[in-house]
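Down below is the structure, laid out as structure tokens.
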Amino acid sequence: MAMARRYVSTRVRRREDPQLLTGRARYLDDLRLSGTLSVAILRSPHAHARLVEVDVRPALAAPGVEAVLTGEDVARLARPIRAEMSGPGYKTSGWPALARDKVRFVGEPVVAVVARDRYGAEDALEEVRVTYDPLPVLTNAELSMRPGAPRIHDDLTDNILFHTRFDNGAVERAFVAAELRLSHTFRHGRCTSAPMENRGALASFDAAEGILTLWASSQSPHLLRSGLAEALDLPESRLRVICPAVGGGFGPKMHLYPEDIIVCLLAQRLGRPVKWIEDRRENLLTSAQAREHVNHIEMAATGDGVILGFKATLICDVGAYSLYPVTAALEPVTAASIIPGPYRIQGYSYDAYAVATNKCPAGAYRGVGMALGTFVRERLVDMVARRTGLDPAEVRRRNFIAATDVPFTTASGLVIDSGNPTESLDQALEAAGYDALRKDQRRSSTTTYRGIGLCSYTEFTGMGSGTFRRRGMSQIAGHDAATVRVEPTGEVRGFVSAASQGQGHATTLAQVLADEIGVPMAAVSIVEGDTERCPYGSGSFASRSMVVSGGALILAARRVRDKVIAIAAHMLEAARGDLVMEEGAIFVRGMAARRVTLGQVARLAYRPASGTLPPSVDPALEATQYYDPPPATFSIGTHVAVVDVDAETGQVAIVRYVVSEDCGTMVNPMIVEGQIHGAVAQGIGAALYEDVVYDDAGQPLTTSFMDYLLPTTMELPAIEVVHTETPPPVTVSGFKGMAEGGTIGATAAVANAVADALAPLGVEVHELPLSPDRLYRLIHQARKRP
Amino acid sequence: MKERTIRLTVNGRPYERTVEVRKTLADFLREDLDLTGTHLGCEHGVCGACTVVVNGEAVRSCLLFAVQLEGANILTVEGLADGDNLHPIQEAFWEHHGLQCGFCTPGFLLTLYCFLKETPRPSEAEIREAISGNLCRCTGYHNIVIAARAAAEKLASAGPTP
Ligand code: FES
Ligand code: FES
């Protein structure tokens, strides 16, 4: 029975919005459990130091204080967080929820105080006395990886947490054949996702049931539960994780953090709910950060712009600890694997490192690895254009994978399953009016330089366990799941392992489910973010929700629908194949009067005594489906950025921004575009402004929004979006993930636009962010050159 | 801990409460009045998530102490809709997908509420300027600006509001 899609591909208004718009939605800090106590955490002021003495007695005596927890206590009660990875090249040390022997970055939790309210808990922190013995500090990955560097983890042989080497066997040949060889070092700053809602955790222990419940501002409730079970040595059946409304995540909210463990331990001990809410300073000090690469890369190309190969050394500064469940390897392996992008590159080899330093741990952030890998590659593509005198668009065209090459295995071994990069480029150039832009560009003034930047990219989405197995990331499930249930009164409910942080799953998954069953959307609701109500799965990160949870939902819905049809056929005394289900009614094709409603079928399914079910059909209407998709499906896209750079101030103004993207079938184009807008904003932020800065002593200098600069309305342009839709052959849904392409594309497109603008001055762009002060310096250095 | 008793009106309702003098207006609204629609994104006056309207002006509730609000008339996001009828600004945000996670949204709504009263027919540049002190990490502001423009048109065509 062919299913007509009524809601999928339409711009349905979001169901979650009325709650959010009226202030009724409950985020973590809005939950109210009576008797809740608040935690404040004393954090290390040193980047690297031995803990000599921790004296908490005066704090215990402070008014309103209920308990104080130290590293010694935690060592007795919980295991350190361990990020495991199978395979060679990786080593890790645990991260105790409260520091015991040593502190390894500024902001690391040392003592937790729990009191009647946060004000009181913070007062009491001032009474804690800690004596530190400072150790040598490492803030530079290239120094930290040198033999003989001071060790950050005493139990490891050096600070290289991960190293891998790859050679596809064709790289030497490629370099021998090359007429053009480029060798450059690129750097990407350290970013933080800074969701507007900080992290938070609220734990409550039900002694009668023996159940510990953690409400967490998390993207990944089941993986969080598994990590907690390990750390607390509890069976998963005794743990429940619930995600309330979450105010943005973008990656860092998928990790297990010390504070999750601290509130659980305190709730267990005190028998009262215990809550910790991250403040912005803590967020900028301790929520997983990202990027921070140095990349030495050589490129081989022919004289007419055909790229032959890359040799890369990627060094990623991952901070003090490897994070559960992604490990420190996430950023370097993703960056390395994406470097070939949408191009037919013959030869490729790389060495990729994750190196520990005395900084905040680095983990997942929108566009992880891909933003860096794409920035490096697309800068090089533009450099080839400059050297050969070809237009940057033409160089891309000469190197693209052709639509007929797909599925295509890239030089790094990724399988691009679908998409047409040439079509994407053409669409973007046309939407931008590229030829006219180029003509117009020549009219730059002497102080303002106009630049046009392109970026073509591939986006790794909807990853299955195959990808995580290949990488050795054994703690990530890779699959997701859905339970579909038609209630006895006929409403259709989907329980999924995804967990929204603002992506609008309550709407988009309801669109998918309503179409799949054949009911009005009003009859459908989605439940997510609760390990007791939803089946086990990975959660929402790495652009996977629509592909994997959406795919599971479709498969479960099909099973339920088949059962509905079987029962209806029996009720109508018709053949199953003659039945159609639409708008919540099942009828004989061409005979709309011979019908039953889904409600009638459901009533019979749950109360078989009210009639008779077909002989081989069990009662109830419910199915649970686990779905482990293929290793990945790739979205593609092209960005065009047009900038004006003020050569006197180093200020960049983005005057046009055009995106062409292809994520297969769009469930809700309005939401797809919203994701692109937000992702582009984060890419522009990384390209121009955002940088977590540490001084040489490992002191973070960007601990407020006055120092860590998020783009505002004044920096961001209107963003024009056009689409192509190439459904992937490899997923059940026809959907691809798409939440990261905007960030991946924008970082490189803006960097290329600035480089294009300043080329007449002889400025080359190798390092992000291109903040006004950096650009000012580059422009002045270039002008001083003879 | 020093406490003081204050009387003020929030969303048209009079309250009398005794609060610690060091308690911020934001914490007072959220904890003492359970009006949790006012969100805290930074607690240092930059993000605008905590914006509420005090005596007709948009202010950052994380930067004020509750005791400074004696006698004040306050509007929070909970008071913006008229019963089940969304305010035109809320309606426009819904229609134009001006929110994703929604955490910043109350601050934008109330900032625009004050701005559009003063500037009923704003240009796009004026809108961007008016909300440049509010941070949103999800939307890139693109649809917020569109929603603001649509709200301005709706409000202007509906005539002056009280
Ligand atoms: S919380 Fe008040 S301005 Fe950010
Ligand atoms: S909608 Fe998430 S921060 Fe604005």
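Any idea what the dipole of the range B:82-134 comes to, in debye rounded to 20, about its Cα centre with Lys/Arg Cβ at +1 and Asp/Glu Cβ at -1?
140 debye
Find how much the distance from A:R32 to A:A653 grows on full extension, using 0.36 nm per residue of separation minus their present alpha carbon separation; answer in nm with one decimal. Once the chain is fully extended between A:R32 and A:A653, it gains 219.1 nm.
Screening chain A for DSSP H helices whose Cα atoms reach 24 Å or more along their own axis and whose mean Kyte hydropathy is at least 0.0 gives A:370-388, A:550-572, A:669-688, A:741-758. Towards the positive end of the charge dipole of the protein assembly as shown, with charges on Cβ (+1 Lys, Arg; -1 Asp, Glu), say which of A:A755, B:L64, A:L613 has the farthest Cα. Working it through, the farthest residue towards the positive pole turns out to be A:L613.
Computed from point charges on the beta carbon alone (+1 for Lys and Arg, -1 for Asp and Glu), the dipole magnitude for the protein assembly as shown about its Cα centre is near 900 Debye. In loop segments of the range A:372-422 as defined by DSSP, there are no trypsin sites (Lys or Arg not before Pro) with at most 11 further C-beta atoms inside 10 Å of their C-beta. What is the range A:711-786 by shape, rounded, prolate or oblate, if you read a ≥ b ≥ c off the alpha carbon gyration tensor as root eigenvalues and call it rounded for a/c under 1.5, prolate for a/b larger than b/c, and oblate otherwise? In terms of gyration-tensor shape, prolate.
Counted residue by residue at 0.36 nm each, then reduced by the alpha carbon distance between them, the extension gain from A:R607 to A:D440 reaches 52.8 nm. Using C-alpha pairs below 8 Å separated by at least 6 residues, the relative contact order for the range A:456-510 is 21 percent. For chain B, the square roots of the Cα gyration tensor eigenvalues, ordered a ≥ b ≥ c, give a/c of at least 1.5 with a/b greater than b/c, which places it in the prolate category. Considering only alpha-carbon pairs that sit under 8 angstrom and 6 or more positions apart, the relative contact order computed for the range B:31-162 is 29 percent. Here the range B:1-42 and the range A:662-694 have alpha carbon centers that stand 36 Å from each other. The distance from the alpha carbon centre of the range A:86-114 to that of the range B:132-151 is 39 Å, rounded to a whole number.
So, R0 is 30 Å and r is the distance between the beta-carbons of A:R238 and A:E72; what FRET efficiency does that work out to, to 0.05? Using R0 = 30 Å, I get an efficiency of 0.75. Classify the protein assembly as shown as rounded, prolate or oblate from the Cα gyration tensor: take a ≥ b ≥ c as the square roots of its eigenvalues, call it rounded if a/c is under 1.5, otherwise prolate when a/b beats b/c and oblate if not. Rounded, since a/c falls under 1.5.
Round to the nearest 0.05 the FRET efficiency obtained for A:E142 and A:E583 when R0 = 60 Å and r is the Cβ-Cβ distance.
0.40
For the range A:47-79, backbone nitrogen atoms closer than 14 Å to the point 7 Å from A:L270 Cα along Cα-to-C-beta are found at A:60-70. A simple spin-label model places pseudo-atoms 7 Å from Cα toward Cβ; at B:T18 and A:H780 they are separated by 6.1 nm. Taking 7 Å steps out from each Cα toward its Cβ at A:E179 and A:E394 produces label points 1.3 nm apart.
Taking every alpha-carbon pair under 8 Å whose residues sit at least 6 apart, chain A reaches a relative contact order of 16 percent.
In terms of the mean number of neighbouring beta-carbon atoms within 10 Å, the peptides B:80-87, A:644-651 order highest first as A:644-651, B:80-87. Within the straight-line cut-off of under 27 Å between alpha carbons, the lysines reachable from B:K23 are A:K275, B:K2, sequence neighbours fewer than 8 places apart in one chain being disregarded. For the pair B:K117 and B:K2, label points projected 7 Å from Cα toward Cβ lie 3.1 nm apart.
Every number here is computed from the coordinates shown, using simple stated rules; none is lab data. Because the structure is predicted, anything quoted here is derived from the model rather than measured. Heads up, the Cβs are rebuilt from the backbone with ideal geometry, glycines too, and the neighbour counts pull from every protein chain shown.
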